[in-house]
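What follows is a single structure, written as structure tokens, with notes after it.
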Amino acid sequence: MIKVNQLNKSFGELHVLKNIDMTVYESDVVCLIGSSGSGKSTLLRCLNFLERKDSGSIIIEGKEVDPSNDDLNKIREKVGMVFQHFNLFPHKTVLENIIEAPVMVKGVDKKVATSKAKELLEKVGLEDKADVFPNKLSGGQKQRVAIARALAMEPDIMLFDEPTSALDPELVGEVLTTMKELANEGMTMVVVTHEMGFAREVADWIVYMNDGEIIERGDPEQFFEHPKEERTQEFLKTTM
Ligand code: ADP
Ligand code: MG
């Protein structure tokens with residue numbers, strides 16, 4: 001679904017992504033972990049073309065994306081993204097938030113989009129919140145709406161950038177449950193997270209980044225039980 005070859009990205013003098021190679025197969029859940037500032041968000045943003053790579057290639061569903069010529073909105077339809085700070089439209093209801101992009105960007109009929117939105121709200125357990133404004137929701141509910149909103153575009157791949165980091169601890173579980181359900185349905189997902197329990201339980205692969213490089217990757221069992229690299233071992237000690 002995604003293949004990244006020798007991806008490099010700098011902000012001025014700061015070399016933030018260094019020769020990143022990564023492959024994500026269909027229905028894989030990849031958890032991207034690493035300390036703050038290691039380049040995780042920048043990598044996700046490159047995958048969604050919110051950030052422009054300096055060199056290397058990004059292949060989405062078998063096709064190399066050329067950001068200067070390809071229609072990036074089309075690609076973003078395939079690759080949905082959920083952010084740490086939900087970014088819901090405050091002046092729109094939950095339902096309006098969810099149908100906005102399908103109707104405005106994809107040209108989906110409003111009735112069709114509305115009925116799909118209601119299905120999605122049911123899926124994330126918020127069917128009774130359709131007509132409520134975001135400021136009446138808890139953080140966990142807002143994030144579940146943000147997930148429903150991303151799903152409304154019917155993406156093939158979902159990127160999550162620390163979706164639970166801004167939440168009070170007691171609200172983390174409901175969002176992780178929603179993500180787990182999505183994973184079980186076979187969604188292809190790349191998840192930046194500090195939730196090691198989630199990573200261990202749900203991920204097919206763990207990728208550990210430090211200072212712009214992928215240091216180590218492995219399946220959860222191998223990664224958490226027998227990390228090979230010293231830097232991984234040090235990092236894991238800080239998360240225990
Ligand atoms: P992470 O998500 O792992 O915490 P980021 O990808 O956000 O890391 O950031 C990696 C590095 O790039 C950090 O040093 C950060 O300050 C820097 N950085 C991120 N975005 C920008 C930007 N738009 N302009 C300049 N520097 C940036
Ligand atoms: Mg980040």
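Annotations
- Summary of packing: across the peptides 174-181, 139-146, the per-residue average of other C-beta atoms within 10 Å ranks them, highest first, as 139-146, 174-181.
- Couplings 3J(HN,Hα) for the range 25-30, derived from phi with the Karplus relation 6.51 cos²θ - 1.76 cosθ + 1.60 (θ = phi - 60°), are 8, 4, 6, 6, 10, 10 Hz, where x marks Gly and Pro.
- Cα shape, the range 68-185, gyration tensor, a/c 1.5 rule: oblate
- Relative to the Cα centre, the charge distribution of the range 112-151, modelled as +1 at Lys and Arg Cβ and -1 at Asp and Glu Cβ, gives a dipole magnitude of about 160 debye.
- When only the Cβ of Lys, Arg, Asp and Glu is charged (+1, +1, -1, -1), the dipole of the range 8-70 relative to its Cα centre reaches about 280 debye.
- For the range 200-240 and the range 43-119, distance of Cα centres in Å: 29 Å
- Backbone HN-Hα couplings from phi across the range 54-61 [Karplus 6.51/-1.76/1.60, Hz, Gly and Pro as x]: 8, 8, x, 10, 10, 10, 10, 6
- Debye intensity ratio in log₁₀ form over the Cα atoms of the chain, taken at each q of 0.09 Å⁻¹: -0.38
Throughout, read-outs are computed from the coordinates displayed, never taken from laboratory work. Keep in mind that this is a model prediction, so the values were computed, not measured. Positions of Cβ are backbone-derived with ideal geometry, glycine not excepted, and every protein chain shown enters the neighbour counts.
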